[in-house]
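Here is the structure we will look at.
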Amino acid sequence: MSQTENADAEDATDATAVTANRTDGRRASTTAGETVEETRPEWTSYEASGETKVAVEDLDVHYGDDHALKGVSMDIPEESVTALIGPSGCGKSTYLRCLNRMNDRIRAASVDGTVELDGEDVYQDGVDLVELRKRVGMVFQSPNPFPKSIRENVSYGPRKHGDIETGLLARLTGRAEPEREARLVERSLERAALWEEVNDRLDDNALGLSGGQQQRLCIARCLAVDPEVILMDEPASALDPIATAKIEDLIEDLAQDYTVVVVTHSMQQAARVSDQTAVFLTGGELVEYDDTEKIFENPESQRVEDYVSGKFG
C-alpha cells in the first residue's frame, strides 16, 4: 500500500469512529475526551499580514460515504510556514493533498469547493496536473528516493520537464547541458542543506544515505523543479532527533523563498517552525486558525486548548 493510500485509510477509518454530536450546522462532532461546543466562524477567519498564495473555500472531501473534510475555508500566506495539526483521522493530510490534487489518484475520493493558487482555481477544467504539481511540490512522510544516484535523483524532475537536456541523443545533437545540470544539482542540494555532506559522492546510490539525508534529498528533488509551494506530510516523523532538527531548520530557511505547508503530529514542532497554525479536530472540521503563538498560548476554542494541552488526542 502506498503512502498516500495509508494516509487515506487512516483518515477514513478514524472518521467512522467519530461520535456525532451535531445538532445544527455549527455544532462539532467529537470523540472521547473532547468538549462539545459550537464552532464559530471568527475562529478560522485568520487574516495574515502577507499576500495570500493559496485560498481554499468551502472544501468538502468524501471517501465513499465517509465525510473526511467539512466546509473548510482558509487562506495560506506566501513565504511563510503554515502548520496543520490535529489527532489522527481529522483530515489534515486529506486537506494537504487537495492543494495539488493528489486526491485525484484515489478512486473513492470526491472533492467539492475551490482551491485557488494565485487566484486561479486548480480544480477548474483544463488544469495541467503535471504543471500544477511542479508549482506545488510535495514531500512525503517517509523518505522515498529513487534507486538512482544522488545526482540523478535531483536532476530527474528538470529532465522530465525538459528544463535541461541530457542523455545520448542530446549529446549527439549538441544540446546536452552538463554544466547547467551540475549547477542545478549543486544549488538544489545547497538549498536542502545537503551539499556539504554529499558533494564528493554524487554518483553514489541515494539508497545508501541515512534516513535524514534521504529526506533532505527528497526536498532537494522537490526544489530542483523550482516550486512555489512546498507541501510536507509529517516530514520528520520517521527520523531521529538530530535529523529532525536539521529538517526543522531547513523548513524555516525555505520559508524565506517558498510557501511551506506542514502536517505534523508534533505540537512542539508546529510551535517551533510555523508562523500560523490550523487545528483540525474530530469530524474533519477546521476548528481554529491563527498565529501560532496565539493557538498555543491563548486559543479561542476550548477543544483546541484541551488538545494542545494534551487532554485528548
- Message: Let me cross-check residue 45: its accessible surface, 1.4 Å probe, with only protein heavy atoms counted, in Å² to the nearest 10?
- Response: 80 Å²
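So for region 169-313, averaging the separation of alpha carbon pairs under 8 Å that are six or more residues apart and normalising by length, what relative contact order in percent results?
Values: 129 pairs, mean separation 21.0, N = 145.
Relative contact order here is 14 percent.
Probe radius 1.4 Å, ligands and nucleic acids left out: which of 292, 52 has the largest accessible area, and how do the rest follow?
Numbers: 292 10, 52 65 Å².
I get 52, 292, largest accessible area first.
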- Task: Please work out how much length the chain gains when fully extended from residue 187 to residue 160, using 0.36 nm per residue of separation minus the C-alpha to C-alpha distance, in nm with one decimal.
- Result: 7.9 nm
- Gain upon complete extension [residue 118, residue 196; 0.36 nm per residue less C-alpha separation]: 24.6 nm
- Give me the accessible area of residue 228, 1.4 Å probe, in Å² rounded to the nearest 10. 60 Å²
- Message: Going by amide H atoms built from the backbone, whose H comes under 5 Å of the H on residue 148, apart from near neighbours?
- Response: 206, 207
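The values are calculated or read from the model by the stated rules, or taken from the named source; none is laboratory data. If you're wondering where the values come from, they're calculated on a predicted model, not measured in any experiment. Side chains included, ligands, DNA and RNA excluded: accessible areas come from the protein's heavy atoms. Shrake-Rupley method; radii C 1.70, N 1.55, O 1.52, S 1.80 Å.
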